[in-house]
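Quick notes on the structure that follows.
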Amino acid sequence: MAQMRPWNMPGVLKLAVLILCTALLGLGYLYFYSPITTVILVRHAEKKIEPDNSNPALSSAGEERSLELMRILANSGISAIYVTQYQRTQQTAQPLADRLRLKTTQVESSNPQEVARQIKASRAQGSILVVGHNSTVPAIIAALGGGNYPVIPETEYDNMFVVTLYRVGKAKTLQLKYGSSAPATGNQTMMSQ
């Protein structure tokens, strides 16, 4: 009697096909259907010019911009909001946080790599808003793998960056403008955060 080889046995062949199909379905899910995280980054809105105050509040123009940010992002699927310890970032995000009934997550402005690590570790489905500073927004984009951008000029508050984090492949970044593009007026020699 001839000896049957393992691949000639119907049960082994069926099991091998089943394992292969399961593996392909799993890889297909990871590639095509796994959640994508969208991170929207903005610099805080216009602040009051107070040279002796390292933590100024938003100016009236900044308050208007924060309302415009809320209007634009209210239906965008934001599920988390990151701000820094400075009230200008918190006040920029607050109208949107109130509208969405979300609690903001406060992070240290001096550690943009940690912000990026937290975002990647959260595996958030949907969108995340990060309100940072003119130097930290580009640093967070780079840490997320979204490319290198220069420090935002001190007088620009209308930049919005949308970084799409895919489970496979590189992140993609889109730079947009929102609200008024008129530069802030007054003495802008304050610290860059």
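Tell me, please, whether a residue that is touching a residue at least 12 places away in the same chain (Cβ under 8 Å), of a type in the set (A, V, I, L, M) and out of contact with any helix residue (DSSP H, G or I) (no Cβ under 9 Å at 6 or more places or on another chain) can be found in region 55-70. Among the residues of region 55-70, at least one is touching a residue at least 12 places away in the same chain (Cβ under 8 Å), of a type in the set (A, V, I, L, M) and out of contact with any helix residue (DSSP H, G or I) (no Cβ under 9 Å at 6 or more places or on another chain), which makes the answer yes.
Checking residue 66 against (1) at positive phi; (2) small (Gly, Ala, Ser); (3) touching a strand residue (DSSP E or B) at 6+ places or on another chain (Cβ under 9 Å), only one condition comes out false. Which one? Result: residue 66 passes all but (1). The residues of region 112-148 that are among the β-branched types (Val, Ile, Thr) and more than 11 Å from the chain's Cα centre (by Cα) amount to a single one, 136.
Would region 147-160 turn up any residue that is surrounded by 19 or more Cβ atoms within 10 Å (Cβ to Cβ) and either modelled with pLDDT under 95 or farther than 20 Å from residue 182 by Cβ (or both)? Within region 147-160, none of the residues are surrounded by 19 or more Cβ atoms within 10 Å (Cβ to Cβ) and either modelled with pLDDT under 95 or farther than 20 Å from residue 182 by Cβ (or both).
The residue that is surrounded by the most Cβ atoms within 10 Å (Cβ to Cβ), among those in region 167-184 that are more than 12 Å from the chain's Cα centre (by Cα) and closer than 21 Å to residue 118 by Cα, is 167. When region 161-171 is filtered for residues that are modelled with pLDDT under 95 and out of contact with any helix residue (DSSP H, G or I) (no Cβ under 8 Å at 6 or more places or on another chain), the ones remaining, listed by number, are 164, 166, 169, 170, 171. Restricting the search to helices (runs of 4 or more DSSP H) fully inside region 29-126 and requiring at least 1 residues that are modelled with pLDDT of 95 or more and basic (Lys, Arg) gives 60-73, 87-100.
The values are calculated or read from the model by the stated rules, or taken from the named source; none is laboratory data. Since the structure is predicted, the reported quantities are computational estimates derived from the model, not experimental observations. Neighbour counts are summed over all protein chains in view; Cβ atoms, including those assigned to glycine, are modelled from backbone coordinates with ideal geometry.
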